[in-house]
Amino acid sequence: MARVREDGDVIVAEIERIGRRRLRCSGCGDVAQQTAGQRPRRRWRDLRLRDRPLVLAYAPYRVRCRRCGVRVEQVPWAARWARVTTALARAVALLARRLSWAEVATHFGLDWKTAVAIVREAVATGLELRRWRPLHVIGIDEVSRAKGQTYLTLVYDLARHGLLWAGEGRTRDTIEAFFRWLGRHRGRAVRVVCCDMWDPLRRGGPDAPPPRRDCLRPLPHRPAPQRRPRHRAPRSLARHERSGASHLQAHALPVAEESVEP
Ligand SMILES: [Zn+2]
């Protein structure tokens, strides 16, 4: 960090390359041997410093990568296209599991659209990094929101007691969206689908990629409360009535544990 200055209310930390520190390619992450000039100065929002917004400012180098050609260097504090630092993104994503968008945005001094974008990105990264374990038993449930006017479909991994996926609506399209998300390869491992109300599924099941339909067994009654996954889906879902459905993915899916390697 070369120097810190104030820009109105904002604290700006200006960063410079230390000596001839090795730079990495943002395309493949490999150490690049040569630089090829610098890009204009960019700014990244970081966690607040006391009560004041902190911004990192840096002019990234272009690097000549053996594999990718000329690319922008990979900076250790932020993901490739991110406009906020990884530290801030992680904090926002964690808090978004507990609070509404508005509360999260206010807490970090962001506008809510930025908060939404951050969490989407964190969820996507989390999914990429998550090691997928075979999925054998799933449970499909629905919840109503907005006083029964609209429905959400929840898919649980019943073997591991976790919420796996959530989607708007409770139609055949919804369940097909789930199986599209799951993918043909992963969908093949599904052996049992438990549901007690899933008419669209009972009427024929998804076209692609189908779980083994002979295994679709509607439960005789709703699962007992203690059999429900530990994920606090019903309570957190109640909040979606206030905060909108885009909140959903943040709750439903894991947040990135890891991000860009320095
Ligand atoms: Zn590269």
Q.
What's the number of the only condition in (1) in contact with a helix residue (DSSP H, G or I) (Cβ under 9 Å, 6 or more places away or on another chain); (2) over 30 Å from ASP46 (Cβ atoms); (3) not charged (D, E, K, R) that GLN149 fails to meet?
A. (1)
Q.
Could you check the stretch 45-76 and list, in sequence order, the residues that are surrounded by fewer than 15 Cβ atoms within 10 Å (Cβ to Cβ), under 23 Å from ALA117 (Cβ atoms) and of a type in the set (Lys, Arg)?
A. ARG52
Q) Does ARG98 qualify as being within 13 Å of the ligand (Cβ to nearest atom) and within 24 Å of VAL123 (Cβ to Cβ)? A) no
Q) Can you tell me which of ALA91, ALA87, ALA79 is closer than 17 Å to ILE118 by Cα, of a type in the set (A, V, I, L, M) and in a loop (DSSP other than H, G, I, E, B)? A) ALA79
Q: Taking VAL4 as the residue in question, decide whether it is in a strand (DSSP E or B), at negative phi and exposed (fewer than 13 other Cβ atoms within 10 Å of the Cβ).
A: yes
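Quick check: is even one residue across the stretch 17-32 in a loop (DSSP other than H, G, I, E, B), out of contact with any helix residue (DSSP H, G or I) (no Cβ under 6 Å at 6 or more places or on another chain) and of a type in the set (Ser, Thr, Tyr)? Reasoning before the result, please.
Let us first name the residues in the stretch 17-32 that are in a loop (DSSP other than H, G, I, E, B), namely 17-22, 26-30.
Narrowing the set further to residues that are out of contact with any helix residue (DSSP H, G or I) (no Cβ under 6 Å at 6 or more places or on another chain) leaves 17-22, 26-30.
Okay, now just the ones that are also of a type in the set (Ser, Thr, Tyr), so 26.
For the stretch 17-32, residues in a loop (DSSP other than H, G, I, E, B), out of contact with any helix residue (DSSP H, G or I) (no Cβ under 6 Å at 6 or more places or on another chain) and of a type in the set (Ser, Thr, Tyr): present.
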**Q.** Selection from the stretch 14-38 of residues that are over 28 Å from the mean Cα position of the chain (by Cα) and either on the phi > 0 side of the Ramachandran plot or away from the ligand (no atom under 16 Å from the Cβ) (or both)
**A.** GLU14, ILE15, GLU16, ARG17, ILE18, GLY19, ARG20, ARG21, GLY37, GLN38
Q: Would you please list the contacts, defined by Cβ atoms under 6 Å and residues six or more apart or on different chains, that run from a residue in the stretch 63-76 that is part of a loop (DSSP other than H, G, I, E, B) to a residue that is within 9 Å of the ligand (Cβ to nearest atom) and modelled with pLDDT under 95?
A: ARG67/CYS28; CYS68/CYS25; CYS68/GLY27; CYS68/CYS28
**Q.** Cβ pairs under 9 Å, 6+ apart, first in the stretch 88-116 and within 15 Å of ARG52 (Cα to Cα), second assigned to a helix (DSSP H, G or I) and of a type in the set (Phe, Trp, Tyr)
**A.** LEU88/PHE108; ALA105/TRP112; THR106/TRP112
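The values are calculated or read from the model by the stated rules, or taken from the named source; none is laboratory data. Bear in mind the structure is a predicted one, so any value in this text is a computation, not a measurement. With ideal geometry, Cβ positions are generated from the backbone for all residues, glycine too; neighbour counts draw on all protein chains shown.
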